[in-house]
1. Which residues, counting only those in segment 47-86, are within 19 Å of residue 112 (Cα to Cα) and under 28 Å from the mean Cα position of the chain (by Cα)?
2. Which residue pairs have Cβ atoms under 8 Å apart, sit 6 or more places apart or on different chains, and have a first residue in segment 60-82 that is closer than 17 Å to residue 46 by Cβ and a second that is open to solvent by less than 10 Å² (accessible area, probe 1.4 Å) and among the charged types (D, E, K, R)?
3. Conditions: (1) in contact with a His (Cβ under 8 Å, 6 or more places away or on another chain); (2) of a type outside the set (A, V, I, L, M, F, W, C); (3) crowded, with 19+ Cβ neighbours inside 10 Å. Residue 310 meets all but one. Number of the miss?
4. Of all residues in segment 54-103, which are on the phi > 0 side of the Ramachandran plot and touching an Asp or Glu at 6+ places or on another chain (Cβ under 8 Å)?
5. Can you tell me which residue among 333, 339 is open to solvent by less than 60 Å² (accessible area, probe 1.4 Å), within 27 Å of residue 31 (Cβ to Cβ) and touching a residue at least 40 places away in the same chain (Cβ under 8 Å)?
6. For residue 27, state whether it is within 21 Å of residue 116 (Cα to Cα), free of Cβ contacts under 8 Å to residues at least 60 places away in the same chain and in a helix (DSSP H, G or I).
7. Can you find a residue that is at positive phi, modelled with pLDDT under 95 and surrounded by 14 or more Cβ atoms within 10 Å (Cβ to Cβ) anywhere in segment 283-302?
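The values are calculated or read from the model by the stated rules, or taken from the named source; none is laboratory data. Computed from a prediction, not measured in an experiment: that's the story for all the values here. So basically every Cβ, Gly included, is an ideal-geometry build from the backbone, and we count neighbours across all protein chains shown. Please note that ligands, DNA and RNA were not included when accessible areas were found on the heavy atoms of the full protein model with its side chains. Shrake-Rupley method; radii C 1.70, N 1.55, O 1.52, S 1.80 Å.
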Amino acid sequence: MIEIVTEVDLFHPPARIWRALTERALLAKWFADSAPGSDRWILATAALPGYDGDTEVETVELRAPHRLVVRCREAGRATRLACDLTSTAHGTRLSVREVLEEGDWDADARADQHEQAVTGRLPAILDWLAFQNVDLRRAEGGLTAELPVVRLLGEEHRRSRRRPVLLAAGAVTLIAAAAGATVWTTAGEPPAPAAPAPTTSLVMPSSATPSVRPTTARPTPGASRRSASPSPTPSPTPSRTPSPTPSTVVAAPLTATYETVSDRIFGYRGEVVLRNPGPAPRPAWTVTVTLHDGATVGSVSGAEATQNGTVVTFTGSALPGGESATIRFDVRDPDPSHDAPAACATENTPCTPA
């Protein structure tokens, strides 16, 4: 049996840490999304480093806000994970104890993942939750109700202690894989320069008008001067070439799909795929995305973007018939529970999930 213990002092009360450990929306931001359930649920760990699939989790013990014990099973591995929260003079001491019950793992790698999880992403979520409780109504008297203490990793007041004890062979941890990737930043892709929209001019064919040569009557030699002048020969009536009737091609409505391609603590990267299902090209197009309050758009590729309040408007150049265009954009959102915009549409048609 292998046991890994990680302890860290956090400058937050137990109740706040308990929320980050147990609420689905918050857990998804620093660890992995989960399917709702009561005593059993599924953690989406298949894409995390060190995991071969999703993890089935079963609650063994639940004493809010001090003790959480779960049993995890993933790809033939089984582990028992216990989180204990103890109040201290400056906050809470969190102890994460993982015991391998079945299967195998790399104990040192798991210990590193434990430490990174509870000293990296978890404190970022806790700091955000703390700021939600700050009372900034100074005009009514009194100081702020609470101002969280944010310290850099490695300072002596934030102690992290790893203690791997090798007693046999190893498994998977509930929290370890969260640290497999540290708090990431999404590198913005430079926006692709928009090509100028082609100008289509409609040339109407003109009718050919043949020139008419006038004919002058001349008197016949020997004819009397009093005789009437001969009638002029009538000119032929020119025929008018009929103009061809231009055919009208009705452009088909554009369609769009939306997908969140990556998620992080305070924001996400979204992707909109715009399609022109008809045969006629579209000289220009527009996609609108409505963000949540306080959110802003960052780097954008595949379109030009302008933001007005919560509405971001993406515009692009010609889209040939049967072709598609992909827009990727980074969003900074102060609410960690948001992982997608509030709305998305093209030409008043809502985007569909990808």
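1. Answer for segment 47-86, where residues must be within 19 Å of residue 112 (Cα to Cα) and under 28 Å from the mean Cα position of the chain (by Cα): 47, 48, 49, 50, 51, 52.
2. Matching pairs, first to second residue: 79/98.
3. (3)
4. Of everything in segment 54-103, those that are on the phi > 0 side of the Ramachandran plot and touching an Asp or Glu at 6+ places or on another chain (Cβ under 8 Å) turn out to be 75, 76, 91.
5. 333
6. Answer is yes for this residue.
7. Yes, there is a match, as at least one residue in segment 283-302 is at positive phi, modelled with pLDDT under 95 and surrounded by 14 or more Cβ atoms within 10 Å (Cβ to Cβ).
Each row is one residue, and each column tells you yes or no for (1) closer than 17 Å to residue 18 by Cα; (2) at pLDDT 90 or above; (3) open to solvent by less than 80 Å² (accessible area, probe 1.4 Å); (4) not acidic (Asp, Glu).
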residue: 40; (1), (2), (3), (4): no, no, no, yes
residue: 46; (1), (2), (3), (4): no, no, yes, yes
residue: 50; (1), (2), (3), (4): no, no, yes, yes
residue: 62; (1), (2), (3), (4): yes, yes, no, yes
residue: 68; (1), (2), (3), (4): yes, yes, yes, yes
residue: 71; (1), (2), (3), (4): no, yes, yes, yes
residue: 74; (1), (2), (3), (4): no, no, yes, no
